[in-house]
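To start, the structure itself, in structure tokens.
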Amino acid sequence: MSTLGLILVGTFVAAALLRDVLLAPLVLAFAASIVTFVCQADRAGSTRGSLRWLVMSLLAVPLFLVALPYLEQAQATPEDLGGFVTAARLIGIGLLLLLGGAPLHSAIPAVASESPSVATTFLILCRDVLVLFILDSVLRTYPWLADFYDVARWLLWIGLLTAGWSGLLASVQQVFGRLFGYASSFSYGALIMALGIGGSDGLTLAVSLFLARALSLMIGGMVM
């Protein structure tokens, strides 16, 4: 478990250090293949949590990879806006899938109900950090995405949908692992909503929510 944890952290660091930020989701997908072993923890039985986590991490990768040649085409012929439009659509949809909001958030309760509590907490926090880093890097590297999408509004709606749906499902859970997972998804939705507010107030709120989320996950992981 410790060896896989070190490998996983290494993949996250590699993704964060990539020069081309659109390749970072590919490294995240590679990390997800390692995560499947962490989630199983040498246990036989259901692999639903591991499979859902892997699918959630893989969905965005093809969109980012396909966007790369369109970006190269757009840079070679800047007078033709077709490349920018297609790349913006692919990157926008890719970011939505990468965030893992509702309904993709179902992977988290599935992992929480089947995996060791320490592994679940570690995986969720590591993915949060990397996904938010990729989101920030993409928006900074390609500021013209704001010309195609109202990013703040999208974040607000995704966060609201994730928090609302997770809170509703958490209220009917009888297994602590799944309740822990949906509670984690609820706080994640609130975090995304805070990012959608924007400005210094939104950033301060997002950082505060992330710290509170990390603390609650660690406490929850110790009592699971």
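How large is log10 of I(q)/I(0) for region 34-143 at q = 0.15, 0.18, 0.21 Å⁻¹ when the intensity is taken from the Debye formula with one equal scatterer per alpha-carbon? Taking Cα atoms of region 34-143 as identical point scatterers yields -0.69, -0.87, -1.06. Per-residue ellipticity at 222 nm from helix content only, as computed over the chain with -39500 (n - 2.57) for each DSSP H run of at least four residues, stands at -27000 deg cm²/dmol.
Quotient of the Cα radius of gyration of region 95-177 and 2.2 N^0.38 Å, N being its number of residues: 1.26. Per residue, region 22-180 exposes 47 Å² of solvent-accessible protein surface, assessed with a 1.4 angstrom probe and all protein chains in place.
Between Y149 and M222, what FRET efficiency comes out of the Förster formula 1/(1 + (r/R0)^6) with R0 = 45 Å and r the beta carbon distance, rounded to 0.05? So the FRET efficiency works out to roughly 0.70.
The values are calculated or read from the model by the stated rules, or taken from the named source; none is laboratory data. Everything numeric in this text was worked out from a predicted model, so none of it was measured. Cβ coordinates were reconstructed from backbone atoms using ideal geometry, including for glycine residues, and neighbour counts include every protein chain displayed. We work out accessible area using only protein heavy atoms, side chains counted, and drop any ligands, DNA or RNA first. Shrake-Rupley method; radii C 1.70, N 1.55, O 1.52, S 1.80 Å.
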